[in-house]
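Below: the structure, in structure tokens.
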Amino acid sequence: MKSQELISLPDIGQRLADKILEIIETGGLWKLDEFQTDNDITTMNLFGQVWGTGPAAAKKWFDQGFRTLDDLRTKAKLTHNQIIGLKYYDEFLERIPREEVSEIEKVVSDAVQVLRPGVIIQTCGSYRRGKASCGDVDVLISHPDGVSHEYLFYPLVDGLKLCGFLTDDLMYSEKVDEEPGSHMKYCGVCLLPGEGRKHRRLDIIIVPYQEYACALLYFTGSTLFNRSMRHLADGMNLYLSQHRLNTGIIRNGKTKINLGTRLPTPTEESIFNYLNLPYRPPHERDH
Ligand code: 8DG
Ligand code: MG
């Protein structure tokens, strides 16, 4: 069939004729495929923004035929975190104004100072980098005496739950990464008292004092900045993580056979020094 034959039919112009021919010749319509693909991606993005959901789970739900958040709520098999993520879907997508992050920090700070005077508490992440709004609140806690941090985690979290400030738990763990035991991390949801407040994502991380500067650097970010710092350390045969800066690493290709020994890192400045870098304040660490 030719384009001319189609156009001779009633109500068919050139553009419609082209589409009909494309369907006859290829068995499909490129524009429709593109539209459907866009829709698929939009739906998977919608699902991927449920807290605790990665791209694999989002795709699985899509393949199971789910298309809306209500489909997920009523039909999908959800983890505990995904249930909470759906419960506060809209609230978690909103950025938290800087001033509110300060208020949240104050509640945690007041609670922890009562438990153990002299505690160091610092909100990290985008807040410390000076952003006007933050995706969540990342609170880092330690104690200069080197031991008190061990006794803070459960009393602090339990106290904040009892007063209604923490409303839901997401992750509650003493073992948070490949070097278990030294960092304790709570991920949950908090709500400031008063009318019209929103549920916000709060992380509380408690670390031993000798790891404080490395943790401060890590949790301040940005993720990209951290990656560059680690890469630089690797190139100097050092090893930088949220726990430590080590020297004397023995590698076999890319594998570390021996992690070497910890360098003393009393401050963030000391870490920059070891890496032969001029100190960069947090608001210059976005890249
Ligand atoms: P935001 O909450 O305002 O969205 O930004 P953020 O404060 O910079 O990010 P975050 O997700 O709260 O994480 C806090 C810091 O943790 C981040 O600035 C750098 C560090 N971090 C890494 N790698 C990763 C990672 O893979 N995931 C997350 N969530 N944080 C990471 O260095
Ligand atoms: Mg953050």
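The values are calculated or read from the model by the stated rules, or taken from the named source; none is laboratory data. The model shown is predicted, which means the values in this text are computed figures rather than measured ones. Positions of Cβ are generated from backbone atoms using ideal geometry, with glycine treated the same way; all protein chains shown enter the neighbour counts.
Only one residue in Glu99, Glu105 is more than 28 Å from Tyr209 (Cβ to Cβ), at pLDDT 95 or above and assigned to a helix (DSSP H, G or I), so which one is that? Walk me through how you get there before you give the answer.
Numbers: Glu105 fails: more than 28 Å from Tyr209 (Cβ to Cβ).
So the residue among Glu99, Glu105 that is more than 28 Å from Tyr209 (Cβ to Cβ), at pLDDT 95 or above and assigned to a helix (DSSP H, G or I) is Glu99.
If only one of Ile24, Ile20 is outside the structural domain of Gly188 (by TED's automatic domain parsing), touching a residue at least 12 places away in the same chain (Cβ under 8 Å) and exposed (fewer than 11 other Cβ atoms within 10 Å of the Cβ), which one is it? Quick ask: steps written out before the conclusion?
Numbers: Ile20 fails: exposed (fewer than 11 other Cβ atoms within 10 Å of the Cβ).
Testing whether each residue is outside the structural domain of Gly188 (by TED's automatic domain parsing), touching a residue at least 12 places away in the same chain (Cβ under 8 Å) and exposed (fewer than 11 other Cβ atoms within 10 Å of the Cβ) leaves just Ile24.
May I ask you to verify whether Gly164 is more than 16 Å from ligand 2 (Cβ to nearest atom) and in contact with a Leu (Cβ under 9 Å, 6 or more places away or on another chain)?
Values: more than 16 Å from ligand 2 (Cβ to nearest atom): yes; in contact with a Leu (Cβ under 9 Å, 6 or more places away or on another chain): yes.
Considered against the rule, which asks whether it is more than 16 Å from ligand 2 (Cβ to nearest atom) and in contact with a Leu (Cβ under 9 Å, 6 or more places away or on another chain), Gly164 comes out as yes.
Might you let me know whether the stretch 192-199 holds any residue that is touching a strand residue (DSSP E or B) at 6+ places or on another chain (Cβ under 6 Å) and within 16 Å of ligand 2 (Cβ to nearest atom)?
yes
Quick one: in the stretch 120-157, which of the residues that are within 16 Å of ligand 2 (Cβ to nearest atom) and charged (D, E, K, R) is nearest to Arg201 (Cα to Cα)? Break it down stepwise before answering.
So the first thing to find is which residues in the stretch 120-157 are within 16 Å of ligand 2 (Cβ to nearest atom), and the list is 121-141.
In the following step, the residues that additionally are charged (D, E, K, R) were identified as 128-129, 131, 136, 138.
On the way: Arg128: 16, Arg129: 18, Lys131: 16, Asp136: 5, Asp138: 9 Å.
By that ranking, first place goes to Asp136.
For residues in the stretch 192-218 being without any contact (Cβ under 8 Å) to a residue 60 or more places away in the chain and in a loop (DSSP other than H, G, I, E, B), which is surrounded by the most Cβ atoms within 10 Å (Cβ to Cβ)?
So the residue we want is Arg197.
Please give the number of the condition Glu5 fails out of (1) charged (D, E, K, R); (2) without any contact (Cβ under 8 Å) to a residue 12 or more places away in the chain; (3) under 25 Å from Asp138 (Cβ atoms).
Checking Glu5 against (1) charged (D, E, K, R); (2) without any contact (Cβ under 8 Å) to a residue 12 or more places away in the chain; (3) under 25 Å from Asp138 (Cβ atoms), the one that fails is (3).
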